[in-house]
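Worksheet: one structure, shown below.
The values are calculated or read from the model by the stated rules, or taken from the named source; none is laboratory data. What you see is a predicted model, and the numbers here were worked out from it, not measured in a lab. All Cβ positions, glycine included, derive from the backbone under ideal geometry; neighbour counts span all protein chains shown.
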Amino acid sequence: KSQVSYGERAQQHPHPLARKLFEIAESKKTNVVVSADLTTSKGLLDIADKLGPYIAVLKTHIDIIDDYQYSVVEELKALAAKHNFLIFEDRKFVDIGNTVQKQYHGGALQISSWAHIVNCTMLPGEGIVQALTQTTEGDNFPHKDDRALLILATMTSKGSLATGEYTKLSVECARKYSRFVIGFVASRTLGDIETKTAVLDNEDFVMFTTGVNIASKGDKLGQQYQTPKSAVETGADFIIAGRGIYAVPDPVETAKQYREEGWNAYLSRIGKA
Ligand code: UP6
């Protein structure tokens, strides 16, 4: 887990989008990512506008929006610019290279035209990362410096098989394709897996942690939670919270609370508390 400040990481990171992300965290003093799992356009846009000032990233599942039209992501892009946050489409690509290229760039959702960050699983093997990386490098892709990939290295759901060899391959591919991969979605540091694949202190992968909730330990469908403080202590650079923030009576006050707890844990981690 990094003991370096977001500000320094913003200056040193080789990837332009990671630099931007750390700049946002530093300037807005927040490491909160809200998982805006609302199922209507209005719900999504309302929460994005209200919570925008307190978050670094807004995570979407755009395919759960009942009344989806492309104008929703255009409005979302405008809100991202207004409040200075990035958009992370939690698509969890999981297919052969040829298919994920089409899912990322085309189809009904046109994800690469609006999502700064996307993620993929390692189930298909190296080819998925290779395919996604490759398609951002052609001359006809205008957003190259503004797009990045996270690898889903572990999962928070009970009984998940994203462990062992799967997690090791996540680290290997993140390293090999670091021109597009900036980090992981994971719930623990990846420094403790075998020496050959362990994340090293001099590698600046960005760690996003889901399953963050102050008030609950889990749900009835196998989700398992930890608090913002424990997530940051375990290595999260960015804490992702969904229902803990958007499904409570006062999402704005709650987002501020997550921001404060996440930020204080970060300050202690870098020795500035
Ligand atoms: N998510 C997890 N666990 C993972 C990966 N992704 O919960 O291992 C995603 C879910 C959801 C969000 O798809 O969008 O993070 C968690 O929402 P919650 O905070 O409401 O449980």
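Key figures
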| read-out | value |
| --- | --- |
| Complete set of residues in segment 234-254 that are in contact with a strand residue (DSSP E or B) (Cβ under 9 Å, 6 or more places away or on another chain) and away from the ligand (no atom under 13 Å from the Cβ) | 234, 235, 237 |
| The one condition in (1) in contact (Cβ under 8 Å) with a residue 40 or more places away in the chain; (2) farther than 20 Å from residue 37 by Cβ; (3) of a type outside the set (A, V, I, L, M); (4) within 16 Å of the ligand (Cβ to nearest atom) that residue 223 fails to fulfil | (2) |
| Test: residue in segment 162-170 that is within 16 Å of the ligand (Cβ to nearest atom) and closer than 22 Å to residue 10 by Cα | no |
| Criterion: under 15 Å from the mean Cα position of the chain (by Cα), modelled with pLDDT of 95 or more and farther than 14 Å from residue 171 by Cα - qualifying residue of 108, 153, 131, 115 | 115 |
| Residue check for residue 136: among the polar types (S, T, N, Q), surrounded by 13 or more Cβ atoms within 10 Å (Cβ to Cβ) and within 15 Å of the chain's Cα centre (by Cα) | no |
| Residue identified as out of contact with any helix residue (DSSP H, G or I) (no Cβ under 8 Å at 6 or more places or on another chain) and of a type in the set (Asp, Glu) among 261, 253 | 253 |
| Residue 164, sole failed condition from (1) under 26 Å from residue 235 (Cβ atoms); (2) at pLDDT 95 or above | (2) |
| Of the criteria (1) closer than 24 Å to residue 26 by Cβ; (2) in contact with a His (Cβ under 6 Å, 6 or more places away or on another chain), which one residue 119 fails | (2) |
| Selection status of residue 178, more than 27 Å from residue 74 (Cα to Cα), in contact with a Pro (Cβ under 8 Å, 6 or more places away or on another chain) and either at pLDDT below 95 or more than 16 Å from the ligand (Cβ to nearest atom) (or both) | yes |
| Yes/no for residue 255 being surrounded by fewer than 19 Cβ atoms within 10 Å (Cβ to Cβ) and among the small types (Gly, Ala, Ser) | no |
| Number of the exception - residue 48 against (1) closer than 27 Å to residue 233 by Cβ; (2) within 16 Å of the ligand (Cβ to nearest atom) | (1) |
| Among the candidates 37, 46, 95, 67, residue that is closer than 18 Å to residue 149 by Cα and either surrounded by 17 or more Cβ atoms within 10 Å (Cβ to Cβ) or of a type outside the set (A, V, I, L, M, F, W, C) (or both) | 95 |
| Output for segment 106-131, where each listed residue is in contact with a Gly (Cβ under 8 Å, 6 or more places away or on another chain), surrounded by fewer than 18 Cβ atoms within 10 Å (Cβ to Cβ) and of a type in the set (Gly, Ala, Ser) | 127 |
| Conditions (1) in contact (Cβ under 8 Å) with a residue 40 or more places away in the chain; (2) away from the ligand (no atom under 16 Å from the Cβ): number failed by residue 106 | (1) |
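Conditions (1) within 16 Å of the ligand (Cβ to nearest atom); (2) more than 29 Å from residue 27 (Cβ to Cβ), marked per residue:
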position: 82; (1), (2): no, no
position: 115; (1), (2): yes, no
position: 131; (1), (2): no, yes
position: 149; (1), (2): yes, no
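Listed here are the residues, each with its yes/no results for (1) within 17 Å of residue 129 (Cβ to Cβ); (2) modelled with pLDDT under 80; (3) not aromatic (Phe, Trp, Tyr).
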| residue | (1), (2), (3) |
| --- | --- |
| 186 | yes, no, yes |
| 189 | no, yes, yes |
| 192 | no, yes, yes |
| 195 | no, yes, yes |
| 198 | no, yes, yes |
| 203 | yes, no, yes |
| 207 | no, no, yes |
| 216 | no, no, yes |
| 220 | no, no, yes |
